[in-house]
Structure formats: structure tokens, C-alpha cells
Amino acid sequence: MSSDTTTYSMILCTLMSQRGKEQEIQQQDFFQKSGIATGTWSRIMRGQAHFQIEDIRAACRVLGCSIGELTSEADKMQVQLAEKEGVKVVSKDDLKSGNSSAGAMVAGAALAFLLLRLAE
């Protein structure tokens with residue numbers, strides 16, 4: 001079993017990206033309408049930051065979904081990542097601490113691939 005890790009915010013970020021692509025929302029339009037800075041997004045995708053609830057709320061408004069819908073999907077993906085891929089969801093502080101038991105962090109592109117594969 002893998003010892004890879006991710007954060008819940010990284011899962012949310014990836015799901016938001018997928019929804020945006022499905023709805024053909026341009027990334028720059030998404031950032032502008034949601035008010036989420038590209039630097040913040042990038043730090044979240046690297047596991048160096050996490051979402052604030054107002055950012056999630058704004059993103060959901062742009063994507064036409066509720067926070068509950070998005071987090072419910074993220075919760076399911078978290079369980080599937082653990083069960084089927086051996087990916088553990090940890091806090092960003094666990095990643096920062098360099099805790100050897102945390103394992104290697106799943107990069108954003110790899111996480112997106114895993115989530116798409118699980119969604120099929």
C-alpha cells in the first residue's frame with residue numbers, strides 16, 4: 001500500500017478545477033469571479049496553505065454548487081483515496097513538520113488523475 005499523502009484542501013481544489021472544466025469556466029474567470037488569488041490557489045495545491053470557508057463559499061457560488069455538495073464529494077473521495085489508492089489525508093501542519101510517517105505528498109496533477117479515476 002502507498003504512503004502518499006494529500007490535504008483536504010488539495011482535494012477540494014482539485015474537485016473545483018474539475019467542475020470548472022466540466023462547465024467550461026476559464027481559469028482566469030474563475031479566479032476573478034471567486035476572488036481567490038492565483039498564488040493562494042498554487043499554495044493550496046502544493047499543500048502549503050488551506051482554504052478559508054469564505055473562499056470555498058465564493059468558489060461554490062461561481063461553480064453553481066453548495067458547500068455541502070462539494071464537501072460531500074470531497075468526503076467520498078477522501079475515503080476512496082485511502083481505501084483504493086492508499087493516500088492519507090493529513091493537515092498542512094503535518095506536511096510542514098516533515099513527519100516521516102506522513103509519506104510523500106501527492107502532486108496536484110497526480111491527485112487530479114487519481115480523483116478522475118475514482119470517479120469513473
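The values are calculated or read from the model by the stated rules, or taken from the named source; none is laboratory data. Computed from a prediction, not measured in an experiment: that's the story for all the values here. For neighbour counting, all protein chains shown are included, and Cβ atoms are generated from backbone atoms with ideal geometry for every residue, glycine included.
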In segment 24-32, is there at least one residue being of a type outside the set (S, T, N, Q) and under 15 Å from the mean Cα position of the chain (by Cα)?
no
Taking segment 45-82, which residues are aliphatic (A, V, I, L, M) and not in a helix (DSSP H, G or I)?
Ala49
Might you check whether a residue that is of a type in the set (Asp, Glu) and closer than 16 Å to Thr7 by Cβ occurs anywhere in segment 48-57?
yes
Filtering segment 43-88 down to residues that are at positive phi and touching a Ser or Thr at 6+ places or on another chain (Cβ under 8 Å), which residue is surrounded by the most Cβ atoms within 10 Å (Cβ to Cβ)?
Gly47
Go through segment 13-30 and give me each residue that's closer than 20 Å to Glu69 by Cα and not hydroxyl-bearing (Ser, Thr, Tyr).
Cys13, Leu15, Met16, Gln18, Arg19, Gly20, Lys21, Glu22, Gln23, Glu24, Ile25, Phe30
Scanning segment 1-38 for residues that are over 15 Å from Ser72 (Cα atoms) and of a type in the set (Ser, Thr, Tyr), the one surrounded by the fewest Cβ atoms within 10 Å (Cβ to Cβ) turns out to be Thr38
Name the one entry in Ala112, Ala119 that is within 15 Å of the chain's Cα centre (by Cα), surrounded by 15 or more Cβ atoms within 10 Å (Cβ to Cβ), at pLDDT below 70 and within 21 Å of Glu24 (Cα to Cα).
Ala112
Within the group Ser42, Ser9, Ser17, which residue is without any contact (Cβ under 8 Å) to a residue 60 or more places away in the chain and hydroxyl-bearing (Ser, Thr, Tyr)?
Ser42
